[in-house]
Amino acid sequence: IGFSIGMERLFMALGDSAAEKSRENIVYFAPVYGDDEYYKKENNPWAIMNQAVYELAQHGIKPVLGVHSLKMDNHLKLAIKIRAKYMVIFGAEELKNGEWTFKDMDNKSQEKIKHGHLFSRIKKVAV
């Protein structure tokens, strides 16, 4: 017989303030592009995403990477399930334009931001 503790049970045990504090540090990355973009040598989406993930992790923000083969509605469900504060959408159009679609999960707003400005945007929202 094994014992496991789910995130929901842990948050309930710790109380709402702990859940909210933990939630503030979660950014879900939703890659929504086809295999043709995935295998590119230049402008490789995973290399670009990994650079952003590294920068966020250096500042104590927990990045969670979705799988590129999921549909957008499944990415959204996962972001909600893990209680992500922000969602970063990265598709073929964003790749071409050198930007992210940044979604605030609380107020459901979204905007385009350039690569390299993700951390400063999250920091701006958090203040």
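Details
- Distance violations [Cα-Cα > 18 Å] among LYS103/LYS124; LYS62/LYS123; LYS71/LYS123; LYS81/LYS112; LYS103/LYS123; LYS81/LYS124: LYS71/LYS123; LYS81/LYS112; LYS81/LYS124
- For segment 72-104, the residues whose amide N sits under 19 Å from a probe point set 7 Å from the Cα of LYS114 along the beta carbon direction are 89-91, 93-103.
- Heavy-atom accessible area order for VAL32, VAL88, largest first, 1.4 Å probe: VAL32, VAL88
The values are calculated or read from the model by the stated rules, or taken from the named source; none is laboratory data. It should be emphasised that the depicted structure is a prediction, and the values quoted were computed from it without experimental measurement. Cβ: placed from backbone, ideal geometry, glycine included. Neighbour counts: every protein chain shown. Accessible surface areas use protein heavy atoms only, side chains included; no ligands, DNA or RNA. Shrake-Rupley method; radii C 1.70, N 1.55, O 1.52, S 1.80 Å.
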